[in-house]
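A.B. asks: Submitted below is the structure of interest, expressed as structure tokens.
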Amino acid sequence: MSRARLGPVTLEEGVSRTNGLALLWAAFVTIGLVTGMAVLTPYLLTETLGLDEGAQGRALGTLTIVNEVVLILAYGPLGALSDRFGRRTIYVGGFLAMATAYLLFPLAGSFAEFSAVRILYALGIGAATGMYGTLLADYAVERDRGKLAAIGGILNGLGVVLLALVLGALPAWFVRAGMAGPEAAIATGLVGAIACAATAFLLWLGLKAGAPAGTGRLPVAVMLQRGAGAARRSPEIAVGYAAAFVARGDLAIVGIFTVAWGKQAALATGMSPSEALEAGRMPFIVAQSAALLWPLAVIAVIDRLPRAIMLAAAMGLGALGYLGMGLVADPLAPAAIPFFAALGIGQISAVLGAQTLIGKAAPAAERGAVIGLFNFSGAVGILLLGAIAGWAFDALGPAAPFVIVGVLNGAVALAALAVARARSTAASA
């Protein structure tokens with residue numbers, strides 16, 4: 001039986017071109033809409049809740065903790081449930097939860113209420129991002145999974161840049177149209193909710209229905225046990241979990257703290273909160289624009305290198321990009337542009353390296369559970385790194401969160417090299 005193709009990618013048997021195109025649309029919108037609220041959160045803390053700038057680093061860290069506690073509890077079960085009931089059902093449910101949260105965030109009257117909405121939003125993130133990573137592995141044959149991840153990475157970056165441009169600019173546009181700050185926040189949330197709901201509808205139509213073959217009858221507890229046991233059996237899966245711990249932290253740090261840093265610098269020049277958000281998102285957009293283009297440079301080689309070597313190179317680039325933030329004095333100055341571009345390259349490299357390795361290493365019958373625990377590891381990373389980063393942002397300076405993550409990227413790069421060397425030694429023995 002001939003298999004469908006999606007550009008240079010050969011799809012697995014039973015996966016149609018329509019399913020593949022739906023996944024590419026998901027790649028374009030998923031990370032973009034997840035990151036969209038990260039871009040808007042500093043504005044909402046200032047304009048909706050009236051939170052003082054000096055306390056926003058700790059507030060962002062607290063919200064990150066709330067987010068990741070939920071993900072820690074949800075990622076593994078969501079992955080295992082997707083093995084039983086199908087990826088499409090979990091993915092669509094995630095976007096509907098995100099749509100509801102986008103509506104509710106601007107209506108929160110206190111930080112406690114804002115944090116409660118964050119719980120719902122985190123469940124949506126867990127379902128959407130978990131299913132995206134799982135479908136990358138489900139839809140492409142093994143030899144082309146790196147290519148599909150790279151294409152998805154390009155679309156991730158394009159979606160993030162465009163949605164950051166639109167969502168980050170909406171409050172200022174609504175204010176210029178005559179709305180007050182709180183009204184502008186509500187209108188912006190409505191736009192985000194419509195985008196999430198429309199995506200849920202399209203994914204329901206386009207993604208493959210049903211549970212993956214051979215996994216639907218296994219109890220959730222068994223799937224979780226197999227996912228955890230896979231790390232003990234495979235050094236590649238173990239280092240993949242470590243990479244997720246850091247790489248997911250990379251995404252959160254870039255999404256939250258570049259915007260907060262830029263907004264803080266813009267407010268210091270006398271801008272209003274909506275103007276500061278519009279100006280302050282530029283470091284984030286520079287980073288994501290570089291992240292958009294970088295997969296084009298690696299798509300030809302990503303499936304030719306051993307996965308552990310690819311991961312080591314990717315995390316090494318991440319270390320360089322994040323550590324470079326320690327040299328930035330003014331995030332809005334033209335001189336900072338190359339540093340934020342390097343940051344974006346480092347971020348997407350770490351994500352691609354981790355996704356490519358785990359997609360190869362995860363056994364087919366346990367893929368949902370393994371990738372669920374891969375995402376679980378990432379959630380733990382964001383939980384710890386978010387708490388540390390929030391404190392470091394306020395206490396040590398806005399570059400401190402990036403330097404901390406840079407050191408951890410370097411540590412995982414060394415671990416991946418050790419795994420690759422051990423495999424090479426065993427093969428030649």
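The values are calculated or read from the model by the stated rules, or taken from the named source; none is laboratory data. Nothing here was measured: the structure is a model prediction, and the numbers come from that model. Glycine gets a Cβ as well: all are built from the backbone with ideal geometry, and neighbour counts include every protein chain shown.
A.B. asks: State yes or no: is residue 382 more than 16 Å from residue 260 (Cα to Cα) and in a helix (DSSP H, G or I)?
C.D. replies: Spelling it out, residue 382 is indeed more than 16 Å from residue 260 (Cα to Cα) and in a helix (DSSP H, G or I).
A.B. asks: Out of 149, 177, 116, which single residue is farther than 19 Å from residue 49 by Cα, of a type in the set (A, V, I, L, M, F, W, C) and under 22 Å from the mean Cα position of the chain (by Cα)?
C.D. replies: Going through 149, 177, 116 in turn, just one is farther than 19 Å from residue 49 by Cα, of a type in the set (A, V, I, L, M, F, W, C) and under 22 Å from the mean Cα position of the chain (by Cα): 149.
A.B. asks: Which of the residues belonging to the stretch 137-162 are surrounded by fewer than 24 Cβ atoms within 10 Å (Cβ to Cβ), out of contact with any Pro (no Cβ under 8 Å at 6 or more places or on another chain) and among the hydrophobic types (A, V, I, L, M, F, W, C)?
C.D. replies: Scanning the stretch 137-162 gives 141, 155, 158, 161, 162.
A.B. asks: Checking the structure you have, find out if any residue of the stretch 122-139 is aromatic (Phe, Trp, Tyr) and farther than 18 Å from residue 207 by Cα.
C.D. replies: No: the stretch 122-139 contains no residue that is aromatic (Phe, Trp, Tyr) and farther than 18 Å from residue 207 by Cα.
A.B. asks: Can you pull out every residue in the stretch 1-30 that is part of a helix (DSSP H, G or I), in contact with a Phe, Trp or Tyr (Cβ under 8 Å, 6 or more places away or on another chain) and not polar (S, T, N, Q)?
C.D. replies: Of everything in the stretch 1-30, those that are part of a helix (DSSP H, G or I), in contact with a Phe, Trp or Tyr (Cβ under 8 Å, 6 or more places away or on another chain) and not polar (S, T, N, Q) turn out to be 20, 23, 26, 27.
A.B. asks: Hey, another quick one. Residue check, residue 127 against (1) touching a residue at least 60 places away in the same chain (Cβ under 8 Å); (2) closer than 18 Å to residue 101 by Cβ; (3) under 17 Å from the mean Cα position of the chain (by Cα), all met but one. Which one?
C.D. replies: (1)
A.B. asks: Within the stretch 390-418, which residues are buried (at least 23 other Cβ atoms within 10 Å of the Cβ) and of a type in the set (Val, Ile, Thr)?
C.D. replies: Result: 405, 412.
A.B. asks: From (1) modelled with pLDDT under 85; (2) among the hydrophobic types (A, V, I, L, M, F, W, C); (3) crowded, with 17+ Cβ neighbours inside 10 Å, pick out the condition that doesn't hold for residue 209.
C.D. replies: Unmet condition: (3).
A.B. asks: What are the residues in the stretch 261-281 that are buried (at least 22 other Cβ atoms within 10 Å of the Cβ), modelled with pLDDT under 80 and aliphatic (A, V, I, L, M), if any?
C.D. replies: 276, 277
A.B. asks: Looking at the stretch 262-275 only, could you name the residues that are touching a residue at least 24 places away in the same chain (Cβ under 8 Å) and among the aliphatic types (A, V, I, L, M)?
C.D. replies: Result: 265, 266, 267.
A.B. asks: Can you tell me which of 48, 100 is more than 20 Å from the chain's Cα centre (by Cα) and among the hydroxyl-bearing types (Ser, Thr, Tyr)?
C.D. replies: Unique residue meeting the criteria: 48.
A.B. asks: Mind checking which residues of the stretch 1-48 are farther than 30 Å from residue 280 by Cα and of a type in the set (A, V, I, L, M, F, W, C)?
C.D. replies: 1, 4, 6, 9, 11, 15, 21, 22, 23
A.B. asks: So which of 160, 141 is among the β-branched types (Val, Ile, Thr), within 25 Å of residue 275 (Cβ to Cβ) and touching a residue at least 40 places away in the same chain (Cβ under 8 Å)?
C.D. replies: Step by step, each of 160, 141 is checked, and only 160 is among the β-branched types (Val, Ile, Thr), within 25 Å of residue 275 (Cβ to Cβ) and touching a residue at least 40 places away in the same chain (Cβ under 8 Å).
A.B. asks: Next up: Does residue 101 qualify as being touching a helix residue (DSSP H, G or I) at 6+ places or on another chain (Cβ under 9 Å), more than 19 Å from residue 34 (Cα to Cα), in a helix (DSSP H, G or I) and of a type in the set (A, V, I, L, M)?
C.D. replies: The answer is no for residue 101.
A.B. asks: If you check residue 73 against the conditions, is it free of Cβ contacts under 8 Å to residues at least 40 places away in the same chain and among the aliphatic types (A, V, I, L, M)?
C.D. replies: Spelling it out, residue 73 is indeed free of Cβ contacts under 8 Å to residues at least 40 places away in the same chain and among the aliphatic types (A, V, I, L, M).
A.B. asks: Here's a follow-up. Counting only residues that are in a loop (DSSP other than H, G, I, E, B) and modelled with pLDDT of 80 or more, which one in the stretch 304-351 is farthest from residue 392 (Cα to Cα)?
C.D. replies: Once the filter is applied, the top-ranked residue is 333.
A.B. asks: Oh, and also: When you go through 35, 30 one by one, which is the residue that is at pLDDT 85 or above, within 19 Å of the chain's Cα centre (by Cα) and among the polar types (S, T, N, Q)?
C.D. replies: 30
A.B. asks: For the stretch 212-239: of the residues being at pLDDT below 75 and not in a helix (DSSP H, G or I), which is surrounded by the most Cβ atoms within 10 Å (Cβ to Cβ)?
C.D. replies: 212
A.B. asks: Any residue in the stretch 240-260 that is over 18 Å from the mean Cα position of the chain (by Cα), modelled with pLDDT of 80 or more and at negative phi?
C.D. replies: Among the residues of the stretch 240-260, not one is over 18 Å from the mean Cα position of the chain (by Cα), modelled with pLDDT of 80 or more and at negative phi, which makes the answer no.
A.B. asks: Name the residue, out of 136, 170, 163, that is at pLDDT 85 or above, within 25 Å of the chain's Cα centre (by Cα) and among the aliphatic types (A, V, I, L, M).
C.D. replies: 170
A.B. asks: Might you let me know whether the stretch 42-56 holds any residue that is at pLDDT 80 or above, in a loop (DSSP other than H, G, I, E, B) and surrounded by 21 or more Cβ atoms within 10 Å (Cβ to Cβ)?
C.D. replies: Yes - at least one qualifying residue is present in the stretch 42-56.
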